[in-house]
Amino acid sequence: MTDTNPTRRYVALLPAAGVGARMAAGCPKQYLTVAGQPMLRHAVEAFRASTLISHTYVVVSAADGYIDEVLPAGLAGVTVLRCGGATRMDSVLNGLRAIQNEIAESDMVLVHDAARPGLTPALIARLIDGVGDDAAGGLLALPVVDTVKRSAPSAQGVCSAATIPRNGMWLAQTPQMFSYQLLLRALGRATDPDAITDDASAVELLGLTPRLIEGHPRNLKVTLPADIRIAEMYLAAGE
């Protein structure tokens, strides 16, 4: 499926105001070094290397003390927005509002997790081509291949209570791509930021069904310390 609008622009938006509590590191996890450079820089470089992306915006907290070293002022194709919020949804929404004079309503915004350093220009192109003109947008995701269990507490600890059919189950990745107008409307109408764990969930609340485009395991989200080594293995292997 190909986008037939030749004037439509594609921009990236990376919310990077989180603290990465589960990583238990000395700095926010997006600044941890993976394969020689911070995770955030890996993600940004994927967008800079893509000929399809017009510009990349990175949303950080106002008090962020790391970003100037990781993304120096004047870095071509990148703008840092110091308007991060208390939640991921707040950061994305604040970022969208900050760029409202620089983007058309029909332009497409690719929201990407700063802690996914394995993104490549090829995956960006796969998403853009796969979503095409779909008004509901879409996202990279992976079909669930493992058996899925629902847990329940017991006196012996956490136990398996049921097996959930995995047919039709997908694991969401990023980027997640929507028109500027749609994403702004979806996030603006969401009433519970904690319930919006990704941008697609906000769009789904409008009754829309974003397209699922198969991603790649290399595009994993680094959440726990052990994930760093896995990410480095993928980065060392190249695309």
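The values are calculated or read from the model by the stated rules, or taken from the named source; none is laboratory data. The structure displayed is predicted, hence computed values, not measured ones. Virtual Cβ from ideal backbone geometry, glycine too; neighbours counted across all protein chains shown. Protein only, heavy atoms only, side chains kept; ligands, DNA and RNA dropped before computing areas. Shrake-Rupley method; radii C 1.70, N 1.55, O 1.52, S 1.80 Å.
A few points about this structure:
- Taken across the range 77-85, residues that are open to solvent by 30 Å² or more (accessible area, probe 1.4 Å) and β-branched (Val, Ile, Thr) do occur, with at least one present.
- Of all residue pairs spaced 6 or more apart or on separate chains, those with beta-carbon atoms under 9 Å, a first member in the range 187-216 that is on the phi < 0 side of the Ramachandran plot and a second member that is surrounded by fewer than 16 Cβ atoms within 10 Å (Cβ to Cβ) and in a strand (DSSP E or B) are Leu212/Pro143; Leu212/Trp170; Glu214/Pro143; Glu214/Trp170; Gly215/Leu171.
- Residue satisfying all of: in the range 29-76; hydroxyl-bearing (Ser, Thr, Tyr) and in a loop (DSSP other than H, G, I, E, B); nearest to Ala98 (Cα to Cα) among these: Ser61
- Close pairs from the range 140-155: first closer than 30 Å to Gly130 by Cα and among the polar types (S, T, N, Q), partner part of a strand (DSSP E or B) and open to solvent by less than 100 Å² (accessible area, probe 1.4 Å), Cβ under 9 Å, at least 6 apart: Thr147/Thr163; Thr147/Ile164
- Scanning the range 191-202 for residues that are outside any helix (DSSP H, G or I) and open to solvent by 20 Å² or more (accessible area, probe 1.4 Å) yields Thr191, Asp192, Thr197, Asp198.
- Flag if Val222 is in a loop (DSSP other than H, G, I, E, B), touching a strand residue (DSSP E or B) at 6+ places or on another chain (Cβ under 8 Å) and not hydroxyl-bearing (Ser, Thr, Tyr): yes
- Among the residues making up the range 204-224, those that are open to solvent by 80 Å² or more (accessible area, probe 1.4 Å) and either among the aliphatic types (A, V, I, L, M) or modelled with pLDDT under 95 (or both) are Leu205, Leu224.
- Some residue of the range 77-85 being assigned to a helix (DSSP H, G or I), hydrophobic (A, V, I, L, M, F, W, C) and modelled with pLDDT of 95 or more: no
- Residue in the range 144-167 that is under 28 Å from Ala49 (Cα atoms), of a type in the set (A, V, I, L, M) and either open to solvent by less than 30 Å² (accessible area, probe 1.4 Å) or under 20 Å from the mean Cα position of the chain (by Cα) (or both) present: no
Results for (1) open to solvent by 60 Å² or more (accessible area, probe 1.4 Å); (2) more than 25 Å from Arg185 (Cα to Cα); (3) of a type in the set (Lys, Arg), shown as yes or no for each residue.
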| residue | (1), (2), (3) |
| --- | --- |
| Leu32 | no, yes, no |
| Ile67 | no, yes, no |
| Asn94 | no, no, no |
| Gln100 | yes, no, no |
| His112 | no, no, no |
| Ile128 | no, no, no |
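- For the range 222-238, the set of residues classified as over 11 Å from Met39 (Cα atoms) and not aliphatic (A, V, I, L, M) consists of Thr223, Pro225, Asp227, Arg229, Tyr234, Gly238, listed by residue number.
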